[in-house]
Each structure stands twice: as structure tokens, then as C-alpha cells.
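Student: Here you go, one structure.
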Amino acid sequence: MPRTLTLRDLVLFYIVAVFNLRWLPVAAAAGPGAIVIWIVACLTLFVPLALCVVELSSRYPEEGGMYVWSRRAFGDFAGFMTGWTYWMSNIPYFPGVLYFAAGNALFAVGAQDTGLAASPAYFIIAAVIGLAIAVLPNVAGMRVGKWVQNAGAVGVWIPALLLIALGMIGAAWFGSATTFSLPTSIPPLALKDVLFWSTIAFAFGGVETASMMARSVKDPARTIPRAIAIAGITIVTLYVLGTVAILVAIPAAEVGGIPGIMQAITRVAGRVGAAGIAPVAAVLITVGAVGAVGAWLTAVARLPFVAGLEGRLPAAFGKLHPRYGTPYVAMLAQAAITVVLIIVGQAGTDIRGAYNGMISMSIIAYFIPFLLMFAAMIRLRREARPEGVPGPPGGARVMGGVAALGFATTLAALVLAFIPAADEANKPLAVAKIVGLTALLLVSGAAIYARGERARRSSASRGIV
């Protein structure tokens, strides 16, 4: 597999994979206290995650990332479940991002106030189309697929900068729609806000993605840490300033879910006489969301690919495209399952309820492998380092503390994600869906692993390698 990803490509990849515009309205809805939570989440999850990824990817740069690290620390079953849950976490993640893209696309054509904004059929069709745009170029390889991710990065940071600039102009010309003071800066602590806390922690995930494509990165031991540092500073800054910009434009109580960011851009742009900017921003945001799906899909497809090579999943998952050399079976299988969940997730609820349910399920499935990764860091920190690989600041003891902090933050966010949103119309159904899907995820993973082990033992007993 050729090493095609440069430092620039990797920085853009991290920005589109980690920074997500859809979390800005979620944060802004909590008011100025969200700014404190962004900083806390950065220190307690993003920093530990980044340090652990740099350390583990430097020690063990093999393709597969978290899957390889957990397996080395705790054995084959832990490694498989890490890869399985991480891979499957993207199944509910993709519909959520694609719903966000569909909602913002309505602003591009001036249809945000029509019936389409509440039409499940529209969101399902638009999500499937967006998924196809994200998947097919990546099947053709990183030389083609990386342009989807790079375009997505542009579609993320240009609207973010535009939102921040409009917020500054709006504040200067009309004042702020939100009062920023010490009392209002206290983070929300009510039970109804717990999903928001876990969502903010979830918003910092993604640093680990490029480690799964180490063989596609030029000089990964040097490039990955530098890219994380550059992208990390950019991402945290954009999250904080973007949240402030929305609150300057709209009071927290009026911020919507999916269309929140476009509400802010449209309102301020109209007030300053630049209404024509809004449709352009909507197009860019839509492109950014589709690019994010492409970035995540191409990274996590390496997990079932490695598992297929090792016989943990059907052998087809370990196949490479005969022309492009990509794990196309894993990519297309993930896309097919995503289409099913887009349809199932919409059952029995409205657009907002389906969107919140997808967020909760994504958080739970996504953070299970994080627990194993942080635990792996604690266990592996005392292993001998490869020759020529520098040690982390503070040594093994500090890395153990960093990993423990990340583990505790991840566990708290995971537990909170089981609580439905305050505005969920059918809370029992929402909880049942989340609990049921989580149980199905874990049981199906364990069953697939057991099946693979039986097949491997049977082959070994017959002398088949």
C-alpha cells in the first residue's frame, strides 16, 4: 500500500474527522457554560487521547491501531471486540452526520421552512445519496478518496471561520443576543443536560483514526504527532469560538438541533446585508459533513479488513480491490448496514428523536473501545520501546496517569449517553432502542468471534493453514 498521506493531508484529515460543525449548536443550546465544558473535555479526553495515540502508534505502528493495541495488551478477544465495537460505532454515527448534511442542504436551496424539514422520506433519501458520494471515491483508493476528505475539511473550516467572523460583526453592530458573565458561564448540571456532556466528550474523538492507516502515512512516527498537535489547537479554537459566535447571534433557548448553525449564519448575514452568503455556507457545510463520513469510513474499514485477514470475520472482509487495493468489501458492507440503520432509526420517532438516538448509540459504541485502549496504554506502558523511538514526557508513570484520566472521562460519558434527551417525545422507546442495540452489538460481536475461533480450530485440526 503506497504511503500517500503527507503532513498537510493528515492535518486536514484530522480536522474533518474530529471537528464537526453539528456539535456547535448542541453546545450553544446549553448557553455560555458550554465554553467551560469544551475546555474541560479538551483537557480530560482530547489531551489524554492524543498522548496515548501518539505513544501507542509510535510503539506499535502496525495497520489496525486500537485493534492491535488492545489485542497485544489483553488478548485476541479484547482486540476483536475493540475493532468490532469501534467499527460498528460508525453505523449510527454516519446517519447522524448525513442527517446533519441533509438538514443544512435545505438552506442551500431555500427550502428550510418547507415540509421537507420534517419529512423522514427526504432525510432518508438525502442520507443515502450522501453516503454513496462518500463511499465510492474511497473504494477507488486514497489517491482519489483523499480529495473527498480534503474537500470536506474545506467545507468544515470555511463555514466555521465565516460563522466566527459574522459573530464578531454582529456583536460589534448589534450587541450580543446572549449575556456572557460569570453566573452564566457556570456549566449546566441538571439531569436534562447529561446527554450534552457526553456529546461534548464525543466531539473530541477522532484523533485515533489515522493510526489505523499508518501504512498510508509518510513517515508516520514523525508525521502523526505533528499533525495531531497542529490539528488539535485548530479544533479546540474552532469549537470554542464557533459556540460563542452562535450565542452572539441567537439566544441559547432558540438554538435548534440540526439546523442550529445555519440559523445563526442566516440571521446575522441577513442583518448585515450579506444574505447571499448563507446558501454558499450551507453548500460548504453539506460538503464538510459528507467529507467527514468519507474520512471515517476509509479509516475504520481497516479494522474489519484486518479481522478478515485473521479469520475473525468472513474471509471476504480481508479482500482488497483487484485494481485499487482498497478493503472494498468492508467499506461496502459498512455502507449497506448504515442504510438499514437509517431506515430503522427513523421508526417510531420524529427527525429530532431519530437524530438524538443516533448520537447516543454512537457515543456508547464508540467509547467502549476507548476504555480498552486506555486500559491497554496502562498495561503496555512498561514494555520495552522500539529502538530509536523517543519516550513520552514524564515517562511510563505519567502516561499511566494520563490514560487513567482518559478512562474515567470515557466511562462517565458512556454512562450518561444512556439517558434520553429532555425533549425526547417517547423516552421509554428511546431507552429501549439504545439498550437493545447496545446488547445486540456486544452479543453479535461475541458470537462472531466464537464462530471465527471454531472455524480456526477446525482448520488447524485438519492441518489447514
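The values are calculated or read from the model by the stated rules, or taken from the named source; none is laboratory data. Keep in mind it's a predicted model, so treat the numbers as computed, not measured. Cβ: placed from backbone, ideal geometry, glycine included. Neighbour counts: every protein chain shown.
Student: Pairs, please: C-beta under 8 Å, at least 6 apart or cross-chain, first residue without any contact (Cβ under 8 Å) to a residue 24 or more places away in the chain and farther than 14 Å from W84 by Cβ and in segment 369-384, second among the hydrophobic types (A, V, I, L, M, F, W, C) and assigned to a helix (DSSP H, G or I)?
Tutor: The qualifying pairs are R382/A396.
Student: Please work out if A177 is at pLDDT 75 or above and either buried (at least 22 other Cβ atoms within 10 Å of the Cβ) or not aromatic (F, W, Y) (or both).
Tutor: Details: at pLDDT 75 or above: yes; either buried (at least 22 other Cβ atoms within 10 Å of the Cβ) or not aromatic (F, W, Y) (or both): yes.
Judged against the criteria, A177 is a match.
Student: In this structure, does N20 turn out to be in contact (Cβ under 8 Å) with a residue 12 or more places away in the chain, part of a helix (DSSP H, G or I) and crowded, with 22+ Cβ neighbours inside 10 Å?
Tutor: Here the answer is no, as N20 does not meet what is asked.
Student: Scan segment 103-130 residue by residue and report those that are without any contact (Cβ under 8 Å) to a residue 60 or more places away in the chain and touching a Phe, Trp or Tyr at 6+ places or on another chain (Cβ under 6 Å).
Tutor: The one that is without any contact (Cβ under 8 Å) to a residue 60 or more places away in the chain and touching a Phe, Trp or Tyr at 6+ places or on another chain (Cβ under 6 Å): L116.
Student: Ok, one more. Out of segment 38-59, which residues are among the hydroxyl-bearing types (S, T, Y) and closer than 16 Å to G395 by Cβ?
Tutor: Selection gives S58 alone.
Student: For segment 226-241, does any single residue satisfy the condition of being assigned to a helix (DSSP H, G or I), of a type in the set (V, I, T), at pLDDT below 85 and in contact with a strand residue (DSSP E or B) (Cβ under 9 Å, 6 or more places away or on another chain)?
Tutor: No, every residue in segment 226-241 fails to be assigned to a helix (DSSP H, G or I), of a type in the set (V, I, T), at pLDDT below 85 and in contact with a strand residue (DSSP E or B) (Cβ under 9 Å, 6 or more places away or on another chain).
Student: Check segment 62-71 and report whether any residue there is at pLDDT below 85 and surrounded by fewer than 24 Cβ atoms within 10 Å (Cβ to Cβ).
Tutor: Yes, segment 62-71 has at least one match.
Student: Is it the case that segment 72-89 has a residue that's at pLDDT 85 or above, surrounded by fewer than 19 Cβ atoms within 10 Å (Cβ to Cβ) and on the phi > 0 side of the Ramachandran plot?
Tutor: Yes.
Student: For the condition at pLDDT 85 or above, of a type in the set (V, I, T), surrounded by fewer than 20 Cβ atoms within 10 Å (Cβ to Cβ) and within 18 Å of F80 (Cα to Cα), what is the one hit in V443, V415? Let's see the steps before the verdict.
Tutor: Numbers: V415 fails: within 18 Å of F80 (Cα to Cα).
None of the other options fit; the residue is V443.
Student: In segment 242-294, which residues are more than 16 Å from L98 (Cα to Cα) and not in a helix (DSSP H, G or I)?
Tutor: Those that are more than 16 Å from L98 (Cα to Cα) and not in a helix (DSSP H, G or I): I250, P251, V255, G256, V272, G273, A274, A275, G276.
Student: Oh, and also: Working only within segment 229-259, note down all residues that are closer than 23 Å to F204 by Cα, surrounded by fewer than 23 Cβ atoms within 10 Å (Cβ to Cβ) and small (G, A, S).
Tutor: If the condition is that a residue be closer than 23 Å to F204 by Cα, surrounded by fewer than 23 Cβ atoms within 10 Å (Cβ to Cβ) and small (G, A, S), then A229, G232, A252, G256, G257 are the ones that fit.
Student: Okay, next question. In segment 130-146, what count of residues is obtained for those that are under 21 Å from the mean Cα position of the chain (by Cα) and surrounded by fewer than 15 Cβ atoms within 10 Å (Cβ to Cβ)?
Tutor: So the answer is 1.
Student: It is to be established whether one or more residues within segment 428-438 are under 27 Å from L56 (Cα atoms), at pLDDT 80 or above and buried (at least 19 other Cβ atoms within 10 Å of the Cβ). Working first, answer last.
Tutor: Residues of segment 428-438 that are under 27 Å from L56 (Cα atoms), as a first pass: none.
The answer is no, given that none of the residues of segment 428-438 is under 27 Å from L56 (Cα atoms), at pLDDT 80 or above and buried (at least 19 other Cβ atoms within 10 Å of the Cβ).
Student: Separate question: With the requirement that a residue be of a type outside the set (V, I, T) and surrounded by fewer than 22 Cβ atoms within 10 Å (Cβ to Cβ), what does segment 39-50 give you? Walk me through how you get there before you give the answer.
Tutor: Going through segment 39-50, the residues of a type outside the set (V, I, T) turn out to be 41-43, 45-46, 48-50.
Matches in segment 39-50: C42, L43.
Student: Could you list, in sequence order, all residues of segment 166-191 that are of a type outside the set (V, I, T), in contact (Cβ under 8 Å) with a residue 60 or more places away in the chain and assigned to a helix (DSSP H, G or I)?
Tutor: Correct list: L166, G167, M168, G170, A171, W173, F174, L191.
Student: Just a yes or no: is a residue in segment 164-173 at pLDDT below 85 and aromatic (F, W, Y)?
Tutor: no
Student: Of all residues in segment 98-109, how many are more than 25 Å from the chain's Cα centre (by Cα) and under 20 Å from P25 (Cα atoms)? Write out each step before concluding.
Tutor: From segment 98-109, those more than 25 Å from the chain's Cα centre (by Cα) are 109; that's our starting set.
Still in the list and also under 20 Å from P25 (Cα atoms): none.
Number satisfying all stated conditions: 0.
Student: Tell me the residue from L136, L45 that is modelled with pLDDT of 85 or more and farther than 28 Å from A384 by Cβ, please.
Tutor: Answer to the selection: L45.
Student: For segment 37-55, check the following and say yes or no: at least one residue is farther than 26 Å from W157 by Cα and touching a Lys or Arg at 6+ places or on another chain (Cβ under 9 Å).
Tutor: Within segment 37-55, one or more residues are farther than 26 Å from W157 by Cα and touching a Lys or Arg at 6+ places or on another chain (Cβ under 9 Å).
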